[in-house]
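A quick write-up on the structure given underneath.
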Amino acid sequence: MDGRKLLTRSRRVVLCAMLAAIMTALQAAMAPLPNIEPVSLLVLVYALVFGRDVFYIIYTFVLLEGLLYGFHLWWATYLYIWALWAAAVLLIGRRRERSPLLWAAAGGAFGLSFGALCALPYLAGGPWAAFAYWTAGIPFDLLHCAGNFCLTLALERPLYTLLAKLRDAAY
């Protein structure tokens, strides 16, 4: 591998690690607000800007979350929830013009479905266990929906523009 390719690859690794660290720090900073978090927005923008590299960012973030808060059942759900969200963004992003309202609605729908996705491991206790877990969290899912919608509507475009410049400098 020539020096130029190695430098570009190194920049990509550092950039992915830095973006995961930013996601972790922002989530911790906003932790006092129930289910109002920037992670959904950042995964959306990272997917749009960095394409499949978003999965490196996501799994670094998930590892950091486990190291900070412990590897419990909620952590296992993060292994698939954020990847599903990124995959959905990548699929939608290919087919539609980037519209802040479209992305805000998609982010809101993801926030609303978050509790149902987190309830999947509880199916091991039977469908009623998963249903009880999911329904108990509906008020938080509604907050998550509203938070994602508002954050995405307000910040998707400026973050996309900023991160696209960063990508062009690093890649």
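The values are calculated or read from the model by the stated rules, or taken from the named source; none is laboratory data. Computed from a predicted structure; not experimentally measured. In this analysis, Cβ positions are derived from the backbone assuming ideal geometry, glycine residues included, and neighbour counts consider all displayed protein chains. To get the accessible areas, we keep the full protein, side chains included, count just its heavy atoms, and leave off ligands, DNA and RNA. Shrake-Rupley method; radii C 1.70, N 1.55, O 1.52, S 1.80 Å.
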Tell me, yes or no, whether segment 49-69 has at least one residue that is of a type in the set (A, V, I, L, M), closer than 15 Å to Leu155 by Cβ and part of a helix (DSSP H, G or I). yes
Options Gly111, Gly126: the member that is open to solvent by less than 40 Å² (accessible area, probe 1.4 Å) and farther than 26 Å from Leu33 by Cβ: Gly126
Checking Pro34 against (1) surrounded by fewer than 21 Cβ atoms within 10 Å (Cβ to Cβ); (2) closer than 21 Å to Lys165 by Cα, only one condition comes out false. Which one? (2)
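Okay, residues lined up against (1) in contact with a His (Cβ under 9 Å, 6 or more places away or on another chain); (2) of a type in the set (Phe, Trp, Tyr); (3) not in a helix (DSSP H, G or I):
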| site | (1), (2), (3) |
| --- | --- |
| Cys16 | no, no, no |
| Ala28 | no, no, no |
| Glu37 | yes, no, yes |
| Phe71 | no, yes, yes |
Tell me which residues, restricted to segment 37-78, are closer than 15 Å to Ala164 by Cβ, among the small types (Gly, Ala, Ser) and open to solvent by less than 10 Å² (accessible area, probe 1.4 Å). Ala47
If the requirement is being modelled with pLDDT under 95, within 26 Å of Thr60 (Cβ to Cβ), among the hydrophobic types (A, V, I, L, M, F, W, C) and part of a helix (DSSP H, G or I), which of these qualifies: Ala106, Ala119, Ala86, Ala164? Ala164
Residue in segment 133-148 that is farther than 16 Å from Ile81 by Cα, part of a helix (DSSP H, G or I) and open to solvent by less than 40 Å² (accessible area, probe 1.4 Å) present: yes
Residue pairs within 7 Å by beta carbon, gap of at least six or interchain, first lying in segment 101-118 and touching a residue at least 12 places away in the same chain (Cβ under 8 Å), second not in a helix (DSSP H, G or I) and not acidic (Asp, Glu), listed first then second, are Gly115/Gly137
A careful count of residues in segment 150-162 that are touching a residue at least 12 places away in the same chain (Cβ under 8 Å) and either of a type in the set (Ser, Thr, Tyr) or crowded, with 22+ Cβ neighbours inside 10 Å (or both) gives 4
